[in-house]
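Scroll down for the structure; my scribbles are underneath it.
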Amino acid sequence: MIQLDQLSIRRGGRVLFQKASMQLHPGWKIGLTGVNSAGKSTLFSALLGGIESDNGSLTRPAIWTVAHMAQEIKALDMKAIDFVLSGDEEYWDIQHKLEHPEQLDNDELAHLYGRFDEISGYSAPSKASQLMAGLGFFEHQSQLNVSSFSGGWRMRLNLARTLMSRSDLLLLDEPTNHLDLDAILWLEDWLKAYEGTLVLISHDRDFLDAITDHILHIENQELTLYTGNYSTFETTRSERLAQQQQAFEKQQEARAHLQKFIDRFKAKATKAKQAQSRIKQLERMQELSAAHVDTPFTFSFREPTKMSSPLLQLEHADIGYGDKLIVTNVGLQITPNSRIGLLGMNGAGKSTLIKSLVGDLNLLKGQRKASELLNIGYFAQHQMDALDGNASPMLQLGRIAGKTISEATLRSFLGSFGFSGERMDTPSESFSGGERARLALALIVWQRPNVLILDEPTNHLDLDMRHALTMALTDFEGAVVLVSHERQLIASVCDELLLVHQGKCREFDGDLSAYADWLRQARAEMLKTANVPATPIKSEVQNKVISSKGDKEAQRKEAAQRREQTRPIRKNIEKCESQISKLQPRLTEIENLLGDAGLYDVSRKDDLLKLMNEQTELKAKLEQAEEQMLELMMELEELESSFDN
């Protein structure tokens with residue numbers, strides 16, 4: 001078990017928690033919660049053995065294997081499937097040794113083959129393929145280099161690699177940040193079946209509810225362990241806070257009564273003895289503190305500008321990129337009362353539909369009709385990249401507010417989004433992901449949109465911020481179109497669900513529970529048609545020992561026929577890969593150049609603008625190339641699956 005004994009940790013002179021004592025038993029699934037900077041990541045580091053405590057101790061069994069999902073990975077020149085397989089370090093080590101049997105004697109070979117069988121090494125490639133499929137990768141992406149994937153997809157690879165480990169203790173920090181709802185539901189099922197001890201940081205209430213059986217909460221420099229999932233924790237904590245406040249108020253009344261007696265009679269000789277007794281009684285009384293809850297983040301949307309109905313329409317719309325059709329014959333009408341949640345698997349076309357609604361992407365066919373009064377507030381997945389990192393929140397808000405608005409009004413508005421006086425005047429390049437997301441939302445809210453189109457707005461927002469956004473959207477008086485993996489947000493805000501699937505956009509007849517069931521069934525069908533093995537397969541190592549009895553000549557002919565029929569699609573995939581490999585290095589180079597403080601001098605304004613414009617253009621091209629490649633891979637998989645029918 002994990003044992004905390006009077007554990008105290010501070011960072012930068014600030015106490016995070018102190019005198020924590022508890023036991024975390026094997027097999028528990030623990031949600032680690034608390035506001036940003038409370039000390040969650042520091043406790044993770046302590047569990048990994050990366051930091052020392054100021055006082056007390058934290059111990060865990062030395063024989064435990066610990067798996068930890070890092071937040072960043074390098075762009076490796078390594079196949080994705082190999083990167084995932086390397087998460088099982090013992091398998092990876094044995095596999096490499098067995099690739100050179102000539103360097104081993106018979107006893108060493110026998111021992112390695114025996115151990116390889118003990119750790120289910122022959123089924124490891126199957127397990128890795130299933131992990132990648134569950135997290136949204138297509139079969140042929142397993143052969144691409146890690147360096148060819150964007151940052152979000154690399155994080156998915158990193159998660160798959162972490163899950164590949166045969167661990168006793170699994171530490172996951174915000175694993176759902178870069179996942180779609182279908183991948184989140186798959187991950188829920190996987191973690192429920194995980195037999196080791198899990199410690200999980202997440203800002204997704206539904207995710208925590210589905211998985212955890214204990215909550216470890218950091219608040220007011222204390223670590224408190226609660227039994228039950230997140231909903232149970234919220235109920236128990238609110239009851240405890242109410243009891244604490246009641247006890248505090250009762251004690252304050254008692255203290256006031258004693259102090260009143262002391263003040264009244266301490267100067268009188270006849271009552272001096274009793275007064276001294278009351279003073280000692282007051283000194284012995286253990287002082288209780290008032291119940292305190294960290295100040296929640298709150299904001300509200302301003303009243304929209306004038307509205308008409310409908311505000312926006314798509315009629316018989318075909319959407320996609322170039323000559324690549326993604327969704328056909330879309331009919332969608334947005335009125336002031338519309339509350340639409342877009343559902344669909346990764347790569348189905350939800351973000352493409354969003355861009356077509358906004359007007360960033362021209363229709364391939366059909367019409368987009370916008371009211372003259374239309375005022376869209378658009379939060380894209382990469383909205384924070386559009387912020388001016390060299391400008392403070394006050395400066396960025398002032399640019400869109402105009403000179404007629406007083407500074408006090410602007411500061412009051414930013415304050416409602418959780419920005420203190422100092423942070424209002426700090427360049428946003430130093431902000432956390434949560435702060436940048438809040439600033440992006442603030443800039444949208446100020447412009448009083450009558451249609452909100454939000455594509456994954458909760459990424460980087462903590463639990464309080466997500467709750468505040470949910471409440472604000474519930475009270476918003478305009479229309480909402482929402483793509484989100486946050487089920488609580490969709491359920492609270494949306495009253496109409498549309499499903500984007502297999503090139504169509506249609507109404508989904510059911511709630512989110514029904515959608516979860518639909519996703520599991522659809523994923524099972526995809527795994528079946530994509531030939532992702534559901535049972536252990538033989539690895540190359542095993543094939544060196546067990547000879548094939550199949551008709552190799554027939555297999556070669558069939559493989560040649562398949563290659564010939566799929567050649568045009570493969571060539572197009574290679575073109576996309578080549579384009580991505582050319583765009584990514586230049587984009588990385590520009591991002592490094594933008595990190596040069598000297599570039600922001602007034603004399604280099606033209607250079608800065610040129611780089612920022614090129615960065616925006618490259619990001620758009622990269623995103624388009626990635627979507628095209630994914631669509632081609634889906635087409636390839638459909639064609640190859642037809643060979644087996």
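Checked against (1) touching a Leu at 6+ places or on another chain (Cβ under 9 Å); (2) closer than 30 Å to residue 323 by Cβ; (3) not aliphatic (A, V, I, L, M), residue 382 meets all criteria but (1). Looking at 591, 577, just one residue is among the charged types (D, E, K, R), assigned to a helix (DSSP H, G or I) and modelled with pLDDT under 75, and that residue is 591.
So which residues in the stretch 131-190 are β-branched (Val, Ile, Thr) and more than 15 Å from the chain's Cα centre (by Cα)? Across the stretch 131-190, the qualifying residues are 146, 162.
Here residue 517 fulfils each of the conditions (1) touching a residue at least 12 places away in the same chain (Cβ under 8 Å); (2) closer than 21 Å to residue 179 by Cβ apart from (1).
So is residue 213 of a type in the set (Asp, Glu) and crowded, with 19+ Cβ neighbours inside 10 Å or not? No: the conditions fail for residue 213. Counted as qualifying within the stretch 296-415 are the strands (runs of 3 or more DSSP E) with 3 or more residues that are closer than 30 Å to residue 141 by Cβ, namely 312-321, 324-334, 339-343.
Residues that are within 12 Å of residue 167 (Cα to Cα) and not hydroxyl-bearing (Ser, Thr, Tyr) were ranked within the stretch 189-198; the one that is surrounded by the most Cβ atoms within 10 Å (Cβ to Cβ) is 198. Only residues that are modelled with pLDDT of 90 or more and of a type in the set (D, E, K, R) were counted across the stretch 167-186, and they come to 1. Among the residues of the stretch 220-233, those that are farther than 23 Å from residue 58 by Cα and crowded, with 17+ Cβ neighbours inside 10 Å comprise 229, 230, 233.
Please state which one of 375, 362 is within 28 Å of residue 314 (Cβ to Cβ), modelled with pLDDT of 90 or more, touching a Ser or Thr at 6+ places or on another chain (Cβ under 7 Å) and surrounded by fewer than 18 Cβ atoms within 10 Å (Cβ to Cβ). Among 375, 362, only 375 is within 28 Å of residue 314 (Cβ to Cβ), modelled with pLDDT of 90 or more, touching a Ser or Thr at 6+ places or on another chain (Cβ under 7 Å) and surrounded by fewer than 18 Cβ atoms within 10 Å (Cβ to Cβ). Consider the stretch 72-125 and keep the residues that are among the β-branched types (Val, Ile, Thr) and over 25 Å from residue 580 (Cβ atoms). The one that is surrounded by the most Cβ atoms within 10 Å (Cβ to Cβ) is 94.
Note on the stretch 1-60: enclosed strands (runs of 3 or more DSSP E) holding 1 or more residues that are in contact with a strand residue (DSSP E or B) (Cβ under 6 Å, 6 or more places away or on another chain) and without any contact (Cβ under 8 Å) to a residue 60 or more places away in the chain are 2-11, 14-24, 55-59. Note on the stretch 475-496: among residues that are surrounded by fewer than 20 Cβ atoms within 10 Å (Cβ to Cβ) and in contact with a strand residue (DSSP E or B) (Cβ under 7 Å, 6 or more places away or on another chain), the one that is nearest to residue 320 (Cα to Cα) is 496. If we scan the stretch 36-52, do we find a residue that is farther than 19 Å from residue 221 by Cα, at pLDDT 80 or above and surrounded by fewer than 13 Cβ atoms within 10 Å (Cβ to Cβ)? The answer is no; no qualifying residue exists. Comparison of 59, 65, 33 shows that the only residue that is surrounded by 18 or more Cβ atoms within 10 Å (Cβ to Cβ) and of a type in the set (Val, Ile, Thr) is 33. Out of 345, 307, one residue alone is out of contact with any strand residue (DSSP E or B) (no Cβ under 6 Å at 6 or more places or on another chain), assigned by TED's automatic domain parsing to the domain that holds residue 412 and modelled with pLDDT of 80 or more. It is 345.
Among residues of the stretch 211-224 that are under 18 Å from residue 3 (Cβ atoms) and not assigned by TED's automatic domain parsing to the domain that holds residue 19, none has a Cβ under 6 angstrom from a residue that is among the acidic types (Asp, Glu) and surrounded by 24 or more Cβ atoms within 10 Å (Cβ to Cβ) at a sequence gap of 6+ or on a separate chain.
Do we have any residue at all in the stretch 595-603 that's in contact with an Asp or Glu (Cβ under 9 Å, 6 or more places away or on another chain), at pLDDT below 75, in the same structural domain as residue 617 (by TED's automatic domain parsing) and surrounded by 13 or more Cβ atoms within 10 Å (Cβ to Cβ)? Scanning the stretch 595-603, I find at least one residue that is in contact with an Asp or Glu (Cβ under 9 Å, 6 or more places away or on another chain), at pLDDT below 75, in the same structural domain as residue 617 (by TED's automatic domain parsing) and surrounded by 13 or more Cβ atoms within 10 Å (Cβ to Cβ), so the answer is yes.
All of 369, 403 fail the test of being among the basic types (Lys, Arg), at pLDDT below 90 and over 27 Å from the mean Cα position of the chain (by Cα), apart from 403. Being among the aromatic types (Phe, Trp, Tyr) and without any contact (Cβ under 8 Å) to a residue 60 or more places away in the chain is the filter here; which residues of the stretch 123-152 pass it? Hit for the stretch 123-152 is 137, nothing else. Residues of the stretch 321-342 being modelled with pLDDT under 90 and touching a helix residue (DSSP H, G or I) at 6+ places or on another chain (Cβ under 7 Å), which ones? Passing the criteria: 321, 324.
The values are calculated or read from the model by the stated rules, or taken from the named source; none is laboratory data. Quantities reported herein were computed from a predicted structural model and do not represent experimental measurements. FYI the Cβ positions are ideal-geometry reconstructions off the backbone, even for glycines, and counts take in every protein chain you see.
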